[in-house]
Amino acid sequence: MSLTEPKFTVGIEEEYHLVDRATRDLVAEAPPAMMAQCEAKLGGQVSPEFLRSQIEVGTRPCATIPEARVDLLHLRSTIAREAAAHGLAPIAASTHPFANAARQRHTDKDRYHALANDLAGVGRRLVVCGMHVHIGIEDDELRVDLMNQARYFLPHLLVLATSSPFWEGEDTGLKSWRLAIFRELPRTGLPGRFGSFDEYRSTVDVLTKAKVIEDASKIWWDLRPSARFPTLEMRVTDVCTRLDDALTVAALFQCLCRMLFRLRRNNQSWRTYPVFLLEENRWRAQRYGVDSTLFDFGKGELAPIAGLIEEILELIREDAAALGCEADVARARRIAAEGTSADRQLACFKTALAAGAAREEALTAVVDHLIAETCEGLE
């Protein structure tokens, strides 16, 4: 296995719902003129998503988080401006507070037609958006080795990014309902442990050679070697409503990858645990968000999020300094203390109800809140 230090470039993909500013509901379809303008200004950095009411953006491979900030700010700003010209707005939330899934239609592309046919009823519930973070790790063997170790930290990242407490007008009781929907799909959840890149490749080949899937892009694990790039792709998190929160989560993942590489270079590794135990932390993060406690498996006990974040920040202190993202990772303390988009959405909803709003009005207030937070500080 190569011990040459990877570039640890960072790329961030975000998916947004598009809402009608008048009704606050999801649009039936993004206007073709809007998509054309977005593509003219952003080129290959913007694309349609599975549903016609969604849009996806992706930064370039960036050397640093500050560089990614500039690119992501430009992407969000362009989408917001072009949407506003058509009476629409993007919301960076993994579920819409009250949209009806049955009324959504998938995008008219062969790829999406095939996907909708394969997923059937499960696909018709896929009205969710996510955030994917790619970290450049060029060596195949190292990429799989770091994937094995980084699985441990996925729940810790998830708690900082939850943004999907509502589904079709109901408070689900979960901070990330998106994961409940996404888990209905095949080939999702936490990946198992692989002894080598060849073992990973041969496992995927079982499905591709039988033409069950055309390639590894149809494996939707929480963490995977990207099928398109020499990156390790983190997919467990909801899309963050606040731009700063997204960059904090991306910076933490980037630093964790570098920290695990340092261990490997010193002939050490983070202890791996059975998926059964890691799934328990994943569930706790999905259910309770920053209000949860997660298992510290080394100590064999539950620990509060704030303390776990402090431990992670100490683990990656050297890496944050080397990668120039100390302020970004430090912001995790604020998220843990003040809550995520999911917490703010629930607070907005309860405040509106307490002020005398009808349930539908309170849900509309949540959409307005999401529009404001998504577009906060844009160009």
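The values are calculated or read from the model by the stated rules, or taken from the named source; none is laboratory data. Predicted, not measured: the structure shown is a model, and the values here were computed from it. Cβ: placed from backbone, ideal geometry, glycine included. Neighbour counts: every protein chain shown.
With respect to the numbered conditions (1) surrounded by fewer than 24 Cβ atoms within 10 Å (Cβ to Cβ); (2) at pLDDT 95 or above; (3) not β-branched (Val, Ile, Thr); (4) not in a helix (DSSP H, G or I), which one is the sole condition not fulfilled by ASN148?
Going through the list (1) surrounded by fewer than 24 Cβ atoms within 10 Å (Cβ to Cβ); (2) at pLDDT 95 or above; (3) not β-branched (Val, Ile, Thr); (4) not in a helix (DSSP H, G or I), ASN148 breaks only (4).
Pick from PHE229, PHE261, PHE194: which is of a type in the set (Phe, Trp, Tyr), more than 21 Å from ILE305 (Cα to Cα) and in contact with a His (Cβ under 7 Å, 6 or more places away or on another chain)? Spell out how you get there, then give the answer.
Working: PHE261 fails: in contact with a His (Cβ under 7 Å, 6 or more places away or on another chain); PHE194 fails: in contact with a His (Cβ under 7 Å, 6 or more places away or on another chain).
PHE229 is the lone residue from the list that is of a type in the set (Phe, Trp, Tyr), more than 21 Å from ILE305 (Cα to Cα) and in contact with a His (Cβ under 7 Å, 6 or more places away or on another chain).
Looking only at residues that are in contact with a strand residue (DSSP E or B) (Cβ under 9 Å, 6 or more places away or on another chain) and assigned to a helix (DSSP H, G or I) in region 181-200, which one is surrounded by the most Cβ atoms within 10 Å (Cβ to Cβ)?
This residue is TYR200.
Just checking, does region 151-159 include any residue being surrounded by fewer than 23 Cβ atoms within 10 Å (Cβ to Cβ), assigned to a helix (DSSP H, G or I) and touching a Ser or Thr at 6+ places or on another chain (Cβ under 8 Å)?
yes
Go through region 205-228 and report how many residues are within 22 Å of TYR112 (Cβ to Cβ) and modelled with pLDDT under 95.
Within region 205-228, the subset within 22 Å of TYR112 (Cβ to Cβ) is 207-208, 211-221, 224, 226-228.
In the following step, the residues that additionally are modelled with pLDDT under 95 were identified as 207-208, 211-220, 226-228.
Residues flagged as within 22 Å of TYR112 (Cβ to Cβ) and modelled with pLDDT under 95 within region 205-228 amount to 15.
Go through (1) exposed (fewer than 14 other Cβ atoms within 10 Å of the Cβ); (2) among the charged types (D, E, K, R); (3) assigned to a helix (DSSP H, G or I) and name the single condition ARG178 misses.
Here ARG178 meets the rest and fails (1).
With the requirement that a residue be within 18 Å of ALA330 (Cβ to Cβ) and of a type in the set (Val, Ile, Thr), what does region 284-311 give you?
Within region 284-311, VAL290, ILE305, ILE309 meet the criteria.
Looking for whichever is of a type outside the set (Val, Ile, Thr), touching a Lys or Arg at 6+ places or on another chain (Cβ under 9 Å), surrounded by 24 or more Cβ atoms within 10 Å (Cβ to Cβ) and assigned to a helix (DSSP H, G or I) here; the options are LEU256, LEU252, LEU260, LEU247. Which one fits? Reasoning before the result, please.
On the way: LEU256 fails: touching a Lys or Arg at 6+ places or on another chain (Cβ under 9 Å); LEU252 fails: touching a Lys or Arg at 6+ places or on another chain (Cβ under 9 Å); LEU260 fails: touching a Lys or Arg at 6+ places or on another chain (Cβ under 9 Å).
The match here is LEU247.
So which residues in region 214-228 are crowded, with 16+ Cβ neighbours inside 10 Å, more than 15 Å from ARG151 (Cα to Cα) and not small (Gly, Ala, Ser)?
Correct list: LYS218, ILE219.
Kindly evaluate ARG235 against the criterion of being in contact with an Asp or Glu (Cβ under 6 Å, 6 or more places away or on another chain), surrounded by fewer than 24 Cβ atoms within 10 Å (Cβ to Cβ) and modelled with pLDDT of 95 or more. First the steps, then the outcome.
Values: in contact with an Asp or Glu (Cβ under 6 Å, 6 or more places away or on another chain): yes; surrounded by fewer than 24 Cβ atoms within 10 Å (Cβ to Cβ): yes; modelled with pLDDT of 95 or more: yes.
Against the criterion (in contact with an Asp or Glu (Cβ under 6 Å, 6 or more places away or on another chain), surrounded by fewer than 24 Cβ atoms within 10 Å (Cβ to Cβ) and modelled with pLDDT of 95 or more), ARG235 qualifies.
Mind listing just one residue for me: the one in region 209-267 that is over 18 Å from the mean Cα position of the chain (by Cα) and of a type in the set (A, V, I, L, M, F, W, C) and, of those, farthest from THR340 (Cα to Cα)?
Top of the filtered list is ALA210.
So is GLU56 among the acidic types (Asp, Glu), within 15 Å of the chain's Cα centre (by Cα) and crowded, with 23+ Cβ neighbours inside 10 Å or not?
Working: among the acidic types (Asp, Glu): yes; within 15 Å of the chain's Cα centre (by Cα): yes; crowded, with 23+ Cβ neighbours inside 10 Å: no.
No: the conditions fail for GLU56.
Any residue in region 184-211 that is closer than 17 Å to MET234 by Cβ sitting within a Cβ distance under 8 Å of a residue that is acidic (Asp, Glu) and part of a helix (DSSP H, G or I)? List the pairs, counting only those 6 or more apart or interchain.
GLY189/GLU279; LEU190/GLU279
From GLY58, GLY43, which residue is over 26 Å from LEU160 (Cα atoms) and not polar (S, T, N, Q)?
Details: GLY58 fails: over 26 Å from LEU160 (Cα atoms).
One residue alone meets the criteria, GLY43.
Looking at (1) at pLDDT below 95; (2) assigned to a loop (DSSP other than H, G, I, E, B), which one does GLY173 not meet, given that it meets all the others?
In the conditions (1) at pLDDT below 95; (2) assigned to a loop (DSSP other than H, G, I, E, B), GLY173 misses (1) alone.
For region 40-62, what are the residues that are in a loop (DSSP other than H, G, I, E, B) and over 15 Å from THR107 (Cα atoms)? Break it down into steps so the answer makes sense when it comes.
Filtering region 40-62 down to residues in a loop (DSSP other than H, G, I, E, B) leaves 49-50, 52-53, 59-61.
THR59, ARG60, PRO61, listed by residue number.
Using the structure shown, decide if THR248 is within 21 Å of HIS134 (Cβ to Cβ) and among the polar types (S, T, N, Q). Spell out how you get there, then give the answer.
Working: within 21 Å of HIS134 (Cβ to Cβ): yes; among the polar types (S, T, N, Q): yes.
It is true that THR248 is within 21 Å of HIS134 (Cβ to Cβ) and among the polar types (S, T, N, Q).
Take the residues of region 12-33 that are out of contact with any Lys or Arg (no Cβ under 7 Å at 6 or more places or on another chain), closer than 27 Å to GLY169 by Cβ and without any contact (Cβ under 8 Å) to a residue 60 or more places away in the chain: which is surrounded by the most Cβ atoms within 10 Å (Cβ to Cβ)?
PRO31
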